[in-house]
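Only one structure is covered here, and it is reproduced in the block below.
The values are calculated or read from the model by the stated rules, or taken from the named source; none is laboratory data. Given the structure is predicted, the values throughout are model-derived calculations rather than measurements. Don't worry about glycine lacking a Cβ; one is built from the backbone with ideal geometry, like all the others, and counts go over all protein chains shown.
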Amino acid sequence: MTLEKFVVTETTGRLDKIIAEYLPQYSRSQANEWIKKELVQVNGETKKAKYQAKTNEVITIEVPEPVTLDLKPQDIPLDIVYEDDDVLVVNKPQGMVVHPSLGHEDGTLVNALMFYTPLSNINGVFRPGIVHRIDKDTSGLLMVAKNDKAHEALSVNLKAKKNLREYLVLVHGEFKENIGTIKAPLGRSSKDRKKQAVIDGGREAVTHFKVIKRFVGYTLLSATLETGRTHQIRVHLAYIGHPVAGDPLYGPKKTLPGNGQYLHAHTLGLTQPTTGQELEFEAPLPEYFTTMLNQLEPYSNQGSEE
């Protein structure tokens, strides 16, 4: 058990929220669990999560030891687009988590990959082989490293912005522009730790977009990442007033039905780590996505494609 202790200074408010803000390595849900188990004290007394913490109060938390996950290979079908001795390119379905975490101990892409092939160890126990991630409810292409040398090479290229990562995304609203670029720095939202937001002093984030097809009330875009921040496309498009359709976190409550955002990692380019060959792959839109597009009414004036 680890003891955490801090004094409330400038920010005051609900106890669970205060803990998450003052100790950002922990989530608000974790704070809630500790409060329920009476592991949190305010000036030596236990309080409820809704307690309003005040300036100069001392918060003490007995943080339990983290629960260890027993990572197991699982025989789960994989849609493998490409494979060689170094790299695997897989088409991840919507609804599959990329790597295990508390709450998602199994059934992940990593569990499936461990059953199928040896993986690099650079990202530690719970993310072997994972060079980059996409969200649970985003479908599409991911590159996976089968050994440490390949992982290092792929990571260097990713950091140097040498990989092509193009997404197809359905958004709310009818775009007037045909092409454009969104440059807005991203960081964790001060209002909700689960969210990212455009903030002053955030990390550089650049998204390029192009209109593919217009519908009444919606637009299908191609979005290309120049940087790869958490939730980048989702946050950037919401920021300019065109949130991703079906997005439960950044979109409106009244949106298209489905199991999450209509966002698909369509094209992936990479340099083969051993040969240096430039490779490019595409994954067609999944059925849930094309079915929805067929239900939308095309916009009469599609405009120029240039």
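Here is a yes/no grid of residues against (1) without any contact (Cβ under 8 Å) to a residue 12 or more places away in the chain; (2) surrounded by 11 or more Cβ atoms within 10 Å (Cβ to Cβ); (3) in a strand (DSSP E or B); (4) not aromatic (Phe, Trp, Tyr):
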position: HIS236; (1), (2), (3), (4): no, yes, no, yes
position: GLY241; (1), (2), (3), (4): no, no, no, yes
position: GLN261; (1), (2), (3), (4): no, yes, no, yes
position: LEU279; (1), (2), (3), (4): no, yes, yes, yes
position: LEU293; (1), (2), (3), (4): no, yes, no, yes
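In the stretch 21-46, which residues are hydrophobic (A, V, I, L, M, F, W, C) and within 30 Å of the chain's Cα centre (by Cα)?
Correct list: LEU23, ALA31, TRP34, ILE35.
I need a count of the residues in the stretch 130-179 that are of a type in the set (D, E, K, R) and not in a loop (DSSP other than H, G, I, E, B).
Qualifying residue count for the region: 6.
When the residues of the stretch 1-19 are narrowed to those that are surrounded by fewer than 17 Cβ atoms within 10 Å (Cβ to Cβ) and β-branched (Val, Ile, Thr), which ends up nearest to GLU57 (Cα to Cα)?
For the stretch 1-19, the residue satisfying everything is VAL7.
Output the number of the condition that PRO257 fails; it satisfies all remaining conditions of (1) in contact (Cβ under 8 Å) with a residue 40 or more places away in the chain; (2) surrounded by fewer than 18 Cβ atoms within 10 Å (Cβ to Cβ); (3) in a loop (DSSP other than H, G, I, E, B).
(1)
Mind checking which residues of the stretch 198-219 are at pLDDT below 95 and either part of a strand (DSSP E or B) or not assigned by TED's automatic domain parsing to the domain that holds GLY241 (or both)?
ARG203
Considering the stretch 87-111 alone, what residues qualify as being free of Cβ contacts under 8 Å to residues at least 40 places away in the same chain and surrounded by 19 or more Cβ atoms within 10 Å (Cβ to Cβ)?
Within the stretch 87-111, VAL97, HIS99, PRO100, THR108, LEU109, VAL110 qualify.
What's the number of the condition GLN94 fails, among (1) within 30 Å of ASP247 (Cα to Cα); (2) part of a strand (DSSP E or B); (3) not acidic (Asp, Glu)?
For GLN94, the failing item is (2).
Anything in the stretch 69-114 that is modelled with pLDDT under 95, under 17 Å from LEU142 (Cα atoms) and more than 20 Å from the chain's Cα centre (by Cα)? List them, or say none.
MET114
For the stretch 257-274, name all the residues that are touching a strand residue (DSSP E or B) at 6+ places or on another chain (Cβ under 8 Å) and more than 30 Å from HIS172 (Cα to Cα).
Selection gives LEU270, THR271, GLN272, PRO273.
When both residues are 6+ apart or on different chains and their Cβ atoms are under 7 Å apart, which pairs have a first residue that lies in the stretch 120-142 and is closer than 15 Å to GLY269 by Cα, and a second that is crowded, with 22+ Cβ neighbours inside 10 Å and among the charged types (D, E, K, R)?
From the stretch 120-142, the pairs are GLY140/LYS92; LEU142/LYS92.
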